[in-house]
Each structure stands twice: as C-alpha cells, then as structure tokens.
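*Asks:* Please see the structure below; I have some questions.
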Amino acid sequence: MRITSETSESSQVMELCAEQQAELAWRQRDVVDDTPKHLDPRISFVLMWSGERAAGCAGLQPLEPGVGEVKRMYVRPAFRGRGLSRTLLAEVEKLAADRGMHTLRLETGRLFQEAIGLYTSAGYTPIPRFGAYAGCAESVCFEKRL
C-alpha cells in the first residue's frame with residue numbers, strides 16, 4: 001500500500017467520493033439526509049493505493065485557524081477489515097498537524113457504528129453538532145485535540 005496527496009479535483013478522489021455517497025444513500029435509505037454533498041476545493045485528500053487501484057481516501061478541510069475537519073473517509077468494500085481507515089485517519093491527523101492545526105472535528109451518521117468505533121478508539125470525543133450538521137438529527141460529531 002502507498003499513500004499519495006491529491007486535490008478535490010482529482011479523478012480518483014471524485015470517483016471514491018461518488019462511491020461513498022452512493023453507499024451512504026443506500027445505507028440511509030429510510031433517513032432524510034440533508035448534509036452537504038459537494039467537494040469544497042479547500043479539501044486536501046490522502047489516497048491509499050493497492051497497486052494501481054485507489055483503495056480509500058480521507059480529506060482535510062480547514063474550518064478556522066487551528067481547526068480542521070476530517071471529510072469523506074472512505075475505504076472500498078474489497079479493502080475493508082485491513083486497518084486502512086485507521087491508517088488514513090492517522091495520515092489526515094499528521095497532515096493537520098503539519099499545517100498547524102491543533103483540533104480536528106468530524107461528522108458521521110448515528111447509524112454507522114463501525115465509524116463511531118474507529119473515531120472513539122482513535123481518541124475522538126463527542127461534541128455538539130456543528131456547522132452544516134447543526135440541524136441534522138442523524139449526525140453525530142466528534143473532536144480530537146492533536
């Protein structure tokens with residue numbers, strides 16, 4: 001496995017994010033999801049590769065001075081169960097620290113217990129819903145001081 005840095009305009013990033021959104025829509029088919037779907041051009045991505053195929057991605061979006069948001073964490077189903085999400089999260093945390101960020105926030109759906117387990121085991125603690133997620137009852141938000 002190798003890791004590369006990409007922009008939100010990368011064709012591989014767009015492909016992975018489209019797959020992520022399709023899976024979220026399928027998994028939340030009984031839930032109205034009004035969270036933002038677009039890719040902010042300020043998001044910097046890390047991609048994990050298996051040979052010539054992108055296995056997963058995670059993004060870092062600046063929110064305010066010293067604070068960033070983990071965005072679009074996704075590992076393709078064929079690559080799950082290998083610890084790739086944890087590696088991607090660690091890479092985003094390293095990127096955030098390199099950019100002078102001291103705090104990372106993130107949002108996930110309350111139904112995604114595997115994601116919640118990953119984030120809490122990596123040191124993220126629950127916080128009130130923030131930003132675009134403030135009014136979304138299906139969202140749960142977390143924060144970690146780096």
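*Asks:* For the stretch 2-145, what is the relative contact order in percent, using Cα pairs closer than 8 Å and at least 6 residues apart in sequence?
*Replies:* 20
*Asks:* Have a look at 116, 43, 127 and tell me which one the Gaussian network model of the chain (Cα, springs below 10 Å) gives the largest fluctuation.
*Replies:* Between 116, 43, 127, it is 127 that shows the largest mean-square fluctuation.
*Asks:* Still on this model: Compute the length gained on full extension between residue 137 and residue 103: take 0.36 nm times their separation in residues and subtract their Cα-Cα distance, giving the result in nm to one decimal.
*Replies:* 9.9 nm
*Asks:* If the only charges are +1 at each Lys and Arg Cβ and -1 at each Asp and Glu Cβ, what is the size of the charge dipole of the chain around the Cα centre, to the nearest 20 debye?
*Replies:* That gives a dipole near 380 debye.
*Asks:* Next question. For the stretch 1-19 and the stretch 67-146, what is the centre-to-centre distance using only Cα atoms, to the nearest Å?
*Replies:* Here the two parts' Cα centres lie 17 Å apart.
*Asks:* Using just the Cα positions, wrap the chain in a convex hull and report its mean projected area in square nanometres, one decimal place. It would help to have the intermediate numbers written out before the result.
*Replies:* On the way: hull surface 32.4 nm².
About 8.1 nm², averaged over all directions.
*Asks:* Treat each spin label as a single point 7 Å out from the Cα along the C-beta direction, and report the residue 2 to residue 50 distance in nm.
*Replies:* Inter-label distance under the simple model: 1.7 nm.
*Asks:* To continue, here is another question. What's the longest piece of the chain with no exposed GluC sites (Glu not before Pro), counting a site as exposed if DSSP puts it in a loop and it has at most 13 other beta carbons within 10 Å?
*Replies:* Within the chain, the longest run free of exposed GluC sites (Glu not before Pro) spans 53-146.
*Asks:* If you restrict to DSSP beta bridges whose two residues both lie in the stretch 2-145, what percentage is antiparallel, to the nearest 5? Before the final figure, lay out the partial values.
*Replies:* Values: 30 of 34 bridges.
Here the share of antiparallel DSSP bridges comes out near 90 percent.
*Asks:* For residue 127, project a label point 7 Å along Cα to C-beta. Then give me every residue of the stretch 93-114 with its amide nitrogen under 13 Å of that point.
*Replies:* 101-108
*Asks:* What list of ³J(HN,Hα) couplings, whole Hz, do you get for the stretch 69-78 from phi and the Karplus terms 6.51, -1.76, 1.60, once you set θ to phi - 60° and write x for glycine and proline?
*Replies:* With coefficients 6.51, -1.76 and 1.60, one gets 10, 6, 10, 6, 5, 7, 10, 4, x, 5 Hz.
*Asks:* Express in nm, to one decimal, how much length is gained between residue 82 and residue 40 on full extension, taking 0.36 nm for each residue of separation and deducting their alpha carbon distance. Can you show the working numbers first?
*Replies:* Values: separation 42, 0.36 × 42 = 15.12 nm, distance 2.87 nm.
Residue separation times 0.36 nm, minus the Cα-Cα distance, leaves 12.2 nm.
Every number in this text was worked out from the coordinates using simple rules, so none of it is lab data. Since this is a predicted model, take the numbers as computed values, not measurements. Backbone-built Cβ (ideal geometry, glycine too); neighbour counts: all protein chains shown.
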